[in-house]
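Colleague: Sharing a structure, written as structure tokens. Questions coming.
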Amino acid sequence: MLRGRPAFASVYLCLVCLLSLLPPQLAAKPCTRDILRQVKVLVKLAPSLKSVDCRLYTPTIDDYQNCPSSTLKCFADEIKVLIEEWRTVRILPRFTLNISLTTLASKFNQTESECRQCELFREEEAENFLKGLQLTLEMMNSQHCVRIPPRRNYQN
């Protein structure tokens, strides 16, 4: 039986070997609960800002499934445009949603060659754009987030 440093080295080597067997995407599963919260805030704001006629290039869930990185980058670019447009008529809190979406997009390994450019997506009103983004993030979370069961209050 090994003792001391040789035993530690053997255990460490076994651990490294086991970790190398894990699929690479397992380590980088994108979960977007905080981003989704920010989008929901914007969805609630959208009806009150309908006077700003803003049309945005809007990817679909199918676009996300085929090209997740470029789809999220498109959403990020269009969110930046939307926030700038809305700030012309209303004071808004600071949103870093476009930065969060860009960071999230970088977690996907994807070649851009077969993906559509943002300008080729259909233009939608801001509210529809935000609902599309919300649906995409919810689908993404259903695939990648670990479900946390709700807390139960055990009171007699």
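The values are calculated or read from the model by the stated rules, or taken from the named source; none is laboratory data. All values reported here derive from a predicted model rather than from experimental measurement. Every residue, glycine among them, receives a Cβ derived from its backbone with ideal geometry; neighbour counts consider all protein chains shown. These area figures cover heavy atoms from the full protein model, side chains too; ligands, DNA and RNA do not enter into them. Shrake-Rupley method; radii C 1.70, N 1.55, O 1.52, S 1.80 Å.
Colleague: Taking segment 106-124 as the search range and keeping residues that are surrounded by 14 or more Cβ atoms within 10 Å (Cβ to Cβ) and either modelled with pLDDT of 95 or more or not charged (D, E, K, R) (or both), which one is nearest to Pro59 (Cα to Cα)?
Modeller: Phe121
Colleague: Taking only segment 54-67 into account, find how many residues are in contact (Cβ under 8 Å) with a residue 12 or more places away in the chain and open to solvent by 20 Å² or more (accessible area, probe 1.4 Å).
Modeller: 6
Colleague: Return the residues of segment 86-132 that are touching a strand residue (DSSP E or B) at 6+ places or on another chain (Cβ under 7 Å) and outside any helix (DSSP H, G or I); say none if nothing qualifies.
Modeller: Within segment 86-132, Phe121, Glu123, Glu124, Glu125 meet the criteria.
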